[in-house]
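Below: the structure, in structure tokens.
Laboratory data are not the source of any read-out in this text; all were calculated from the coordinates shown. Every value quoted in this text rests on a predicted model; they were computed, and no experiment measured them. Don't worry about glycine lacking a Cβ; one is built from the backbone with ideal geometry, like all the others, and counts go over all protein chains shown.
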Amino acid sequence: MKTVLRSLIAVLLAVFLWTGCNNAQNKWSFSSVGKDTDWALRDEAQKSLGNLVGAYTNRNATQFMDWVSSDYLGTAAVLDSRIRRSFVNYFYIELDWTITSVIASSDKNTLAVNVQFRRKLGRKETGEITPDWASTSVLLRKDGDVYKLLQQNSPVLFL
């Protein structure tokens, strides 16, 4: 079972790096980081995603956008609008997540982060709470002393 899971993660990561990074406006060279820095970079990714998820589940769009890179690959205004629309459409937002892997660019300015998540959304119009779960990946870019959201791959973590 562990071998199958490891193989699946390796395939998903390869697909992410091929489709996510090669289609981006800028191309990065990614490689595994040394054992001494693995946990430090994972902690940085955990902190950044924790701040994004916290702002999202607390319905604070301004704080959420503070954790989005100015180089966001997509339109930051569209992301901001989508986030605010989620707050209007859903009376309940719960998001549990776990980082499954972190890979750094060679200069360590960009992190490719694979995430498994479970989300529950309560629609205002129906009153129903709908769960979903998936694995996805995001790119985080270093901005000063922190990493900020650079790109979300489908399925998106933040609607």
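Worth pointing out:
- As a rough guide to protection, the peptides 69-80, 148-159 ranked by mean Cβ packing within 10 Å, highest first, stand as 148-159, 69-80.
- Loop-resident GluC sites (Glu not before Pro) (DSSP state other than H, G, I, E or B) in the range 91-153 with no more than 14 further Cβ atoms inside 10 Å of their Cβ: E125, E128.
- Taking amide H positions as modeled 1.01 Å from N, with prolines and chain starts lacking one, the residues under 5 Å from V68 and 5 or more places away or on another chain are L149.
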